[in-house]
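**Q** Got a structure for you, questions after.
Taken together, the values in this text are just the output of simple stated rules run on the coordinates, not laboratory data. Please read all numbers here as calculations on a predicted model, not as lab measurements. Virtual Cβ from ideal backbone geometry, glycine too; neighbours counted across all protein chains shown.
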Amino acid sequence: MLKSQIPIGLWDFFLKLYIMKDLENLISQLESKIPFLDKANSSVSNSTVGWQIEHSLKTIHQIALAVKNSNPNEYQWKFNKSKLFISMIGFIPRGKAKAPKVVLPDGTISEESLTNSLQNVKAILEEWKSFDKNAYFQHPFFGNLNKKSTEWFLKLHTNHHLKIVNDICK
């Protein structure tokens, strides 16, 4: 069946299900790398596997909290060239952006701290299902992202850091 043959509401449902299942799969892959948290490879990144995992989990959690606490009535879509470009190429180029302080890991990263972060992410993603479709967060480069666009970004961002983790572990 082609997309054009599927009713819009049903297509959106399958797309949301796919994106969130894909994000859950990426999170599971990050979880599987926790035993390698101290591994580093300076030719790939200046940070460890643990830092990459913690940053990814912290990003998901902080963004989900921002979406949860947003006012859906205030969401306004606006065209954004950066978002269009990244969505067209399908990945985040390495070393081109600096993460906001709020999603930078702080303190010692341990198996216990990563497990706690993982539990926090899983809990907020359970709540995610109940968020309004126009709940949003303000991305520093892409502007306001509603729930659907945020799901796209979280998948893109998590995949970006998972690739770095995999390259460090090679």
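**Q** Mark the label point 7 Å from the Cα of LEU65 along Cα→Cβ and return the residues of the range 113-141 whose backbone N is within less than 18 Å of it.
**A** Under cut-off, by backbone N: 113-129, 131, 136-140.
**Q** Sort 126-137, 77-88 by the packing proxy (mean of other Cβ within 10 Å over each peptide's residues), most packed first.
**A** On the way: 126-137: 15.7, 77-88: 12.2.
Per-residue mean Cβ counts within 10 Å order the peptides as 126-137, 77-88.
**Q** Can you bin every Cα-Cα distance in the range 82-122 into 5 Å intervals starting at zero and give me the percent of pairs per bin, rounded to whole numbers?
**A** P(r) for the range 82-122, in whole percents per bin: 5, 16, 15, 18, 15, 17, 10, 3.
**Q** For a quick protection proxy, order the peptides 101-111, 65-75 by their average other-Cβ count within 10 Å, most packed first. Please list the in-between numbers first.
**A** On the way: 101-111: 12.6, 65-75: 14.3.
The densest-packed peptide leads the list: 65-75, 101-111.
**Q** HIS139's amide H: which non-local residues (gap 5+, or another chain) put their own amide H closer than 5 Å, with H modeled 1.01 Å from N in plane and none for Pro or chain starts?
**A** Excluding prolines and chain starts, which carry no amide H, the hits are ASN144, LEU145.
**Q** Please give the charge dipole size of the range 83-167, origin at the Cα centre, charges +1 on K and R Cβ atoms and -1 on D and E Cβ atoms. Round to the nearest 20 debye. Please list the in-between numbers first.
**A** Working: 12 positive and 8 negative charges, 103 e Å.
I would put it at about 500 debye.
**Q** Lysines within cross-link reach of LYS39: Cα-Cα under 27 Å, excluding same-chain residues under 8 positions apart?
**A** The qualifying lysines are LYS58, LYS96, LYS98, LYS101, LYS122, LYS155, LYS163, LYS170.
**Q** Next up: With θ set to phi - 60° and the Karplus curve 6.51 cos²θ - 1.76 cosθ + 1.60, what are the ³J(HN,Hα) couplings of the range 158-168 in order, to the nearest whole Hz, using x for Gly and Pro?
**A** Rounded to whole hertz, the list is 5, 4, 4, 6, 5, 4, 5, 4, 4, 5, 4.
**Q** Once phi is turned into θ = phi - 60°, what whole-Hz ³J(HN,Hα) does the Karplus curve with 6.51, -1.76 and 1.60 give for every residue of the range 144-154, x standing for Gly and Pro?
**A** 5, 10, 6, 3, 5, 5, 5, 4, 4, 5, 4
**Q** Right, here's the next one. What list of ³J(HN,Hα) values in whole Hz, one per residue of the range 38-50 in order, does the Karplus curve 6.51 cos²θ - 1.76 cosθ + 1.60 (θ = phi - 60°) give from phi, with Gly and Pro shown as x?
**A** Listing the rounded values in order: 8, 5, 9, 8, 5, 6, 9, 7, 7, 10, 8, 4, x Hz.
**Q** Let me ask another. Once the dipole of the chain is set up with Lys and Arg at +1 and Asp and Glu at -1 on Cβ about the Cα centre, which of LEU57, PRO140, LEU30 lies farthest towards its positive end?
**A** Of the options given, the answer is PRO140.
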